[in-house]
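Okay, so here's the structure we're looking at.
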Amino acid sequence: MKAIPTRLPQVLLIEPKVFGDSRGFFFESWNEREFERAGITARFVQDNHSRSARGVLRGLHYQIRQPQGKLVRVVEGEIFDVALDIRRSSPNFGKWESARLSARSKNMLWIPVGFAHGFCVISDFAEVLYKTTDFYSPEHERSILWNDPDLGISWPLDADPILSAKDSRAPRLRDAEVFP
């Protein structure tokens, strides 16, 4: 496994070792020892699985209490995945990183606590699996507007995204409840 640093030092692109032959492939999507060597000392408590159509945009989500680190991967299709630093004390506050994750590449993105997360589907559909370091807590869930002009996220969309009502009403970063 290779852990590749991004422009945001805590966000890591994970390239697993994939073993393939005429029968198919095998790889370890989680190995505590290997991830600890890469600096990820996470205890995961929940796995989530979503399926979305092309043009669906989910995010930018986070939990202000019971914050979640996330290990994101795609098992079908392709997404444009985004991590946004929302730690006011961070020198990278308001900066974002993105990665294209696909079933074909098998790459994963580690998004630590203190970041908002979102993705848009760029294939006909995508199935996304992600592990979280804390349990879902709807009363603490928050969102930041996906197209906040202060962020300038370059979403690869051909048309307006398909959003939930909650995501379409999300506040801009400057008005959002964030981490200290």
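Suppose the filter is out of contact with any Cys (no Cβ under 9 Å at 6 or more places or on another chain), surrounded by fewer than 15 Cβ atoms within 10 Å (Cβ to Cβ) and either at pLDDT 95 or above or assigned to a strand (DSSP E or B) (or both); does E177 pass it? So E177 fits the description; yes.
Scanning the range 100-116 for residues that are under 25 Å from R54 (Cβ atoms) and surrounded by fewer than 22 Cβ atoms within 10 Å (Cβ to Cβ) yields R100, S102, A103, R104, S105, K106, N107. Of the residues in the range 87-97, none is closer than 17 Å to W30 by Cα and part of a loop (DSSP other than H, G, I, E, B). Of all residue pairs spaced 6 or more apart or on separate chains, those with beta-carbon atoms under 7 Å, a first member in the range 2-26 that is surrounded by 11 or more Cβ atoms within 10 Å (Cβ to Cβ) and a second member that is of a type in the set (D, E) and assigned to a loop (DSSP other than H, G, I, E, B) are P16/E28.
Here's the yes/no breakdown for (1) modelled with pLDDT of 95 or more; (2) within 13 Å of L71 (Cβ to Cβ); (3) of a type outside the set (S, T, N, Q); (4) in contact with a Gly (Cβ under 6 Å, 6 or more places away or on another chain):
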| residue | (1), (2), (3), (4) |
| --- | --- |
| K2 | yes, no, yes, no |
| P9 | no, no, yes, no |
| L13 | yes, yes, yes, no |
| G20 | no, no, yes, no |
| F26 | yes, no, yes, no |
| R33 | yes, no, yes, no |
| F44 | yes, yes, yes, no |
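Pick out the one residue from L60, L8 that is of a type in the set (A, V, I, L, M) and in contact with a His (Cβ under 7 Å, 6 or more places away or on another chain). When all the criteria are applied, what remains is L60. Going by what's in this entry, would G69 be described as in contact with a Pro (Cβ under 8 Å, 6 or more places away or on another chain), under 24 Å from C120 (Cβ atoms) and modelled with pLDDT of 95 or more? The answer is yes for G69.
Please tell me if R73 is assigned to a strand (DSSP E or B), in contact (Cβ under 8 Å) with a residue 24 or more places away in the chain and farther than 22 Å from I144 by Cβ. So R73 fits the description; yes. Considering the range 153-171, the residues that are in a loop (DSSP other than H, G, I, E, B) and among the aliphatic types (A, V, I, L, M) include one that is surrounded by the most Cβ atoms within 10 Å (Cβ to Cβ), namely A170. When every residue of the range 62-77 is checked against the conditions, none turns out to be surrounded by fewer than 22 Cβ atoms within 10 Å (Cβ to Cβ), closer than 15 Å to I153 by Cβ and of a type outside the set (V, I, T).
The values are calculated or read from the model by the stated rules, or taken from the named source; none is laboratory data. The structure displayed is predicted, hence computed values, not measured ones. All Cβ positions, glycine included, derive from the backbone under ideal geometry; neighbour counts span all protein chains shown.
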